[in-house]
Amino acid sequence: MHYIKNIIKYTGIIIFILLLALPTFEGLSPEGQRALAVFVLIMTFWLTNIMPLAITSLLGMALMPLLNIMSVDNTFALFGNKAIFFILGALIISAALYYTGLGSRMAFSLIKVFGNTPRKLLAGTLLTAALMSCLMPEHAVAALLFPIVMEIALSLELKPLESSYGKLLFLSMAWGAIIGGITTYLGGSRNLLAVSILEQQYNMSIGFFEWIKYSWPIPTLMLLFFIFLIWKYFKIELDNIDKAYQVLEEKLAEKGSLSFDEKKLIATLALIIFSWLFLAQIIHISVTAVIGAVLIFVLKIVAWREIEEYVNWGIIIMYGGAIVVATSLVETGATAWLSNQIFSRLDLSIFWFLALLALFTILLTEGVSNVAAVAVILPIAFSISDIYQLNPIIITLSVALPGGLAFMFPMGTPPNAIAFSSGYYKIEDSVKLGIILNIAGWFVYILVLKFYWPLLGLTF
Amino acid sequence: MGKYLLILFSFAGLESLNNFLFKKLESGDKLFVRAIILDAVPKLHEHLTSDVGFLGDKVANDLEESVVEGQHDNAEEYLKELKEKVANMDLELSIKKIDHHHLDNLKKGILEKELDAVFINFSNNKYISDQIKEQEIRDFLEKIKIKQYSFHDGKKDKA
């Protein structure tokens, strides 16, 4: 793996230097060629993870004015994108959920409601993770659920690598979070990053409610498929989960009734979600997110020092850089050149182009961070879609939704890494089952592309 | 009367290791068990949760604590089972938990105890095991040329 990473890294650096040194290609502006060079360099750094993702983004931003691709003002102004402020607000809201304990209360309650038999507990863990990932980033959901699932595993005396139930518990937690994370902008901010790139390139957008309208069949069908596997396919070695159920009851009892801060947070969340769903035409979702974050402080639900402990601001830099790099390709005409010169000779039907695009994204996101996968693939996919004169919203959905479906490897997405650190399963286990879910995800995407999106006017 | 040492870097897959171990042990033997305990998760785990996963410091710390606590509980559980199993046998058992930063005493003990063989369970999971320390002990055992049976998460290594 290390060897492959090095090859990719050095290839990227060599192509970067060559693109800067070679005479300008016909039909491409000098700025466009330099933008392509930076894109290749940043893409390889994101894919190989040789520097923290956020630092790679900063490098991308610094190279824009340095190589005369975009002005300093333009480059840094892009960082002030509304998607960035939505993510900022959403991170603060998510931190409040974690800090006040409302998140873990929700998790305990949901898991308890769903399951009092071994199979129901598995389904409950899956659905709890999925539902919570509609409200919080998927990695935060996995981190929040991990101690609860670990408590369950220990209370049932499940042995690491020996208990198939232990393995399934942690996989249900991670995969529930991953599947649920594609449903809204809150579960996976990459969804919003994709929409932001769409806005920069085509001046089109997808609203909060609209996104859910397009996305929901994919997580729903995948969850149903996984529950089917739990009921019919997986062998469960336990007869009852009484001890775990008792732990859940005790933990929930320890929490007592809702605290005043939790009540204030519930009211704030209700207002925010109402605005996102029904007032998005009047108040932009990013403004609502920022107002929600302010409300959380005004109502003294959390203090700034607590937010600083709970939020990793690196994600903002990562997303800002991704928007800058993707926009540079559009503004310099590099994507138009790519579509005319490189991809215009593609001999694929539109359907197969979209199906293969989704498959390629699923495969890439297994090996690299799914934010990086979306940031890398989407600008190129847009350049190809121009040849087919496709609705760019279909392209955005075809990259962002499959881009969240990484099930096999710990490095694909943080929920996998978090679940794997339980020690309850081997990579081979998640690969074997993950392939099945990858294939299911691809089929579900194809079904939705062919039969559901056309009903909403997304034809191809 | 033989003297054997069981070193546990991993607490996974121990059923198959137990089967192997107890076939080798005979009445009157002495078994030393040294469970290597982590006080924090390896850097690679931090890298995945913080650099790639963008978890906040407090969230990442809570997660790491939970990972380490899970490992401790699994270690306790196994050692308790081992004590119960050995209680019904004519074996002498000595159990110690060792911080993964303090392996020098373990090495000293291996040299002093005149062991007949070492059984060792390494981990394949680099997110929850200190692979550098595992390599250190692996190299040490190679160097002193002691008879050893090594496992990875309960699966016996090929000779």
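Read-outs throughout are calculated quantities, based only on the coordinates presented, and are distinct from any laboratory measurement. Keep in mind it's a predicted model, so treat the numbers as computed, not measured. Cβ: placed from backbone, ideal geometry, glycine included. Neighbour counts: every protein chain shown.
Couple of notes before you dig in:
- Centroid-to-centroid, using Cα positions, the range A:389-460 and the range B:1-46 are 40 Å apart.
- Derived from the Cα gyration tensor, the three semi-axes of the equivalent ellipsoid of the range A:30-168 are 44, 19, 11 Å, largest first.
- Using a simple spin-label model with pseudo-atoms 7 Å out from Cα toward Cβ, residue A:455 and residue B:146 lie 6.8 nm apart.
- A Förster radius of 35 Å combined with the Cβ-Cβ distance from residue A:278 to residue A:309 puts the calculated FRET efficiency at roughly 0.55.
- Contour minus Cα-Cα distance for residue A:350 and residue A:2 (0.36 nm per residue): 121.6 nm
- Of A:335, A:103, A:348, farthest towards positive along the dipole that unit charges on Lys, Arg, Asp, Glu beta carbons give the protein assembly as shown: A:348
- Sites residue A:255 and residue A:26, calculated FRET efficiency, Cβ-Cβ separation with R0 60 Å, nearest 0.05: 0.35
- Taking only alpha carbon atoms, the protein assembly as shown gives an Rg to Rh ratio of 1.01, where Rh is the Kirkwood radius.
- Nearest-ten-degree value, helix B:14-24 long axis tilted from longest Cα axis of chain B: 20
- Rough spin-label spacing in nm, given labels placed 7 Å along Cα→Cβ, for residue B:80 and residue A:447: 4.5
- In terms of packing, defined here as the mean over residues of other Cβ atoms within 10 angstrom, the peptides A:144-157, A:56-69 line up highest first as A:144-157, A:56-69.
- Whole-number percent relative contact order across the range B:3-156, with pairs defined as alpha carbons under 8 Å at least 6 apart: 41
- With contributions of -39500 (n - 2.57) from each DSSP H run of at least four residues, the per-residue ellipticity at 222 nm computed over chain A stands at -23500 deg cm²/dmol.
- Violating pairs (Cα-Cα greater than 31 angstrom) within the set B:83/B:133; A:235/B:43; B:23/B:96; A:264/B:58; A:5/A:82; A:120/B:156: A:235/B:43; A:5/A:82; A:120/B:156
- Note on A:158-171: average number of Cβ atoms from other chains within 10 Å of each residue's Cβ is 3.
- Label-point gap, in nm, between residue A:157 and residue B:92 - each point 7 angstrom along Cα→Cβ: 3.0
- Relative contact order (percent, whole number), the range A:162-274, Cα cutoff 8 Å, 6+ residue spacing: 27
- Length-normalised contact order of the range A:2-456 in % [C-alpha pairs under 8 Å, at least 6 apart]: 24
- The mean number of Cβ atoms from other chains found within 10 Å of a Cβ in peptide B:41-49 is 4, as a whole number.
- Gap separating the Cα centres of the range B:64-125 and the range A:120-158, nearest whole Å: 30
- Shielding value for B:69-75 is 5, the average number of Cβ atoms from other chains within 10 Å of each residue's Cβ.
- Rounded FRET efficiency, nearest 0.05, which uses the C-beta distance separating residue B:138 from residue A:216 and R0 of 45 Å: 0.30
- When the range B:3-156 is reduced to its Cα atoms, the Kirkwood hydrodynamic radius in Å: 16.4
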